[in-house]
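The values are calculated or read from the model by the stated rules, or taken from the named source; none is laboratory data. What you are looking at is a predicted structure, and each value in this text was computed from that prediction instead of being measured. Cβ placement follows ideal geometry from the backbone for every residue including glycine, while neighbour counts extend to all protein chains displayed.
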Amino acid sequence: MSRDKVIVVTGTSSGLGKLTAETLAAAGSQVYATMRNSSGSNRNAREALLDAATDSGQKLSVVDMDVTDEQSVGRAITSILAEAGHVDVVVNNAGVMNVGVTEAYTLEAMQRQFEVNFYGPARVNRAVLPHMRERGSGLLIQVSSLAGRLVFPFFGVYSASKFAVEALAESYRHKLSRFGVDSIIVEPGPFWTKLIDRNGDPGSRQHARPPAASHRRRRRLRSRRTQPRGRARPERPARGARVRHDSSGRIEEQQQQNTDDTKEIKQ
């Protein structure tokens, strides 16, 4: 990537977004790192990014943007275009990861997941695409996940949001390539972030409660694990040995020759 690119990265207060912004700035790009509540709850994250960029002589600015608020997105993109003159790349990284029993999610909880992971990138792309089309160049990078291709237990709603945004990204590519604008998907593997620490409540305790049969099954399994073993486990017979139990339960072994084994198999 050219060193003079103007790049917007969303969700840079921590994790992959923060690392992406720092890496691109270190490579020489002019980076606009966006985060919500940059003067409030994310003030420390904002100052840490700016201090590191200043110390290294990098071109990095922090812009307040809440991807769930269309007006906030519009103000942020407008201010970036006014300052930089253009935007070459948008990295849609902002996201949330809710983990829980899929049935337990209320519609409101599902909507909150989609507001960030699906509608968030859609808002940002809608704000910047008219400029990119007019300029005849641009790149949209959608940070998805392995969960955008595979569904794991308890990640159903999160996966649904990623499946949806990947479909949107592929559709952009089909429609925008003739205007010089490309759209690509990045599917990171396991990566330590604070997403699960910020996991939201599915919303429905009633649906999250396992049935009584499941409770009984768990109790039986726990009981088996905690029961003391009555006697020592017998030694494993040697390979090729004939095993016979006597009346006291002891195991007698008799080594067999290969010919005997063959006869027994034929019998």
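A few comments on the model shown:
- In the stretch 198-213 there is no residue matching the filter, namely being of a type outside the set (Asp, Glu) and either within 30 Å of residue 129 (Cα to Cα) or at pLDDT 90 or above (or both).
- Some residue of the stretch 3-13 being of a type in the set (Val, Ile, Thr), free of Cβ contacts under 8 Å to residues at least 60 places away in the same chain, closer than 28 Å to residue 160 by Cα and part of a loop (DSSP other than H, G, I, E, B): no
- Residue list for the stretch 66-90, filter: closer than 21 Å to residue 42 by Cβ and of a type outside the set (Val, Ile, Thr): 66, 69, 70, 71, 72, 74, 75, 76, 79, 83
- Qualifying residue in the stretch 34-45 (condition: outside any loop (DSSP other than H, G, I, E, B), closer than 21 Å to residue 124 by Cα and not charged (D, E, K, R)): yes
- So residue 146, is it without any contact (Cβ under 8 Å) to a residue 24 or more places away in the chain and either among the aliphatic types (A, V, I, L, M) or out of contact with any strand residue (DSSP E or B) (no Cβ under 6 Å at 6 or more places or on another chain) (or both): no
- Residue ID - farthest from the chain's Cα centre (by Cα), chosen from residues in the stretch 49-64 that are modelled with pLDDT of 95 or more and under 17 Å from residue 15 (Cβ atoms): 60
- Residue 56 free of Cβ contacts under 8 Å to residues at least 60 places away in the same chain, hydroxyl-bearing (Ser, Thr, Tyr), exposed (fewer than 15 other Cβ atoms within 10 Å of the Cβ) and in contact with a helix residue (DSSP H, G or I) (Cβ under 9 Å, 6 or more places away or on another chain): yes
- The set of residues from the stretch 145-183 being among the small types (Gly, Ala, Ser) and more than 20 Å from residue 100 (Cβ to Cβ) comprises 167, 169, 171, 177, 180, 183.
- Residues of the stretch 128-143 classified as more than 16 Å from residue 93 (Cβ to Cβ), touching a residue at least 12 places away in the same chain (Cβ under 8 Å) and not in a strand (DSSP E or B), total: 7
- Per-region count, the stretch 65-110, residues part of a helix (DSSP H, G or I), modelled with pLDDT of 95 or more, of a type outside the set (Asp, Glu) and surrounded by fewer than 19 Cβ atoms within 10 Å (Cβ to Cβ): 9
- All conditions in (1) surrounded by 13 or more Cβ atoms within 10 Å (Cβ to Cβ); (2) under 28 Å from residue 87 (Cβ atoms); (3) at pLDDT 75 or above hold for residue 175, with the sole exception of (1).
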